[in-house]
Amino acid sequence: MKTGTIGTYIGKKELWGKGYGKQITVAMLEMSFFHLNMERCEAWSVEFNVRAHKTLEACGFKRSGVLRETSFVNNKRWNTYYFDILRDEYLAQRMNLLKSTLGEKFDEYLKKHCPLST
């Protein structure tokens, strides 16, 4: 089964909370499922990164596993959470995700990239 691994990192704190993580994640899902023809995508996140978990879950990912004490950050061992999403799960919520992510550019995107949807 064709699987892609995706991830984001926004290092500047002043850019947090502006929706960029969700935009990037949705864009990577679009590329993975429509341009690369993947059947599933996966992502990893250290347990203290709750913002990343919320973003992944908002984009349809399910937390499907825990790798115990696999990260070492600031002199402490942390678990790593494993998330995944299947193509069908993404497709079921795709239009709502695109609309909420693209806002007023939604119709333009559909015309350009999804001509059969309009």
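Go over the candidates Phe106, Phe61 one by one and state the one that is among the hydrophobic types (A, V, I, L, M, F, W, C) and in contact with a helix residue (DSSP H, G or I) (Cβ under 8 Å, 6 or more places away or on another chain).
Criteria check complete, one pass: Phe106.
Checking Ile85 against (1) farther than 24 Å from His113 by Cβ; (2) touching a strand residue (DSSP E or B) at 6+ places or on another chain (Cβ under 6 Å), which test does it fail?
(1)
Determine if segment 26-33 includes at least one residue that is part of a strand (DSSP E or B) and either in contact (Cβ under 8 Å) with a residue 12 or more places away in the chain or closer than 14 Å to Thr5 by Cα (or both).
No, there is no match, as no residue in segment 26-33 is part of a strand (DSSP E or B) and either in contact (Cβ under 8 Å) with a residue 12 or more places away in the chain or closer than 14 Å to Thr5 by Cα (or both).
Output yes when any residue across segment 58-77 is within 15 Å of Ala27 (Cβ to Cβ), touching a Ser or Thr at 6+ places or on another chain (Cβ under 8 Å) and not aliphatic (A, V, I, L, M), and no when none is.
Yes.
Which of the following residues is within 10 Å of the chain's Cα centre (by Cα) and outside any helix (DSSP H, G or I): Gly60, Gly11, Gly65, Gly4?
Gly60
For Ser64, work out the one condition from (1) farther than 20 Å from Ile6 by Cα; (2) surrounded by 11 or more Cβ atoms within 10 Å (Cβ to Cβ); (3) of a type in the set (Gly, Ala, Ser) it doesn't fulfil.
(1)
Mind telling me which of the residues Thr101, Thr80 ends up being in contact (Cβ under 8 Å) with a residue 12 or more places away in the chain, surrounded by 15 or more Cβ atoms within 10 Å (Cβ to Cβ) and in a helix (DSSP H, G or I)?
Matching residue, one of Thr101, Thr80: Thr101.
Scan segment 83-93 for residues that are free of Cβ contacts under 8 Å to residues at least 60 places away in the same chain and in a helix (DSSP H, G or I) and report the count.
The qualifying residues number 6.
Take Arg40 and tell me if it is surrounded by fewer than 17 Cβ atoms within 10 Å (Cβ to Cβ) and not hydroxyl-bearing (Ser, Thr, Tyr).
It is false that Arg40 is surrounded by fewer than 17 Cβ atoms within 10 Å (Cβ to Cβ) and not hydroxyl-bearing (Ser, Thr, Tyr).
Residue check, Glu42 against (1) under 10 Å from the mean Cα position of the chain (by Cα); (2) at positive phi, all met but one. Which one?
Going through (1) under 10 Å from the mean Cα position of the chain (by Cα); (2) at positive phi one by one, Glu42 breaks only (2).
A short reminder: the numbers here are calculations on the coordinates, not readings from a lab. Computed from a predicted model, the values in this text were never measured in an experiment. Note that we place each Cβ from the backbone using ideal geometry, even for glycine, and neighbour counts take in every protein chain shown.
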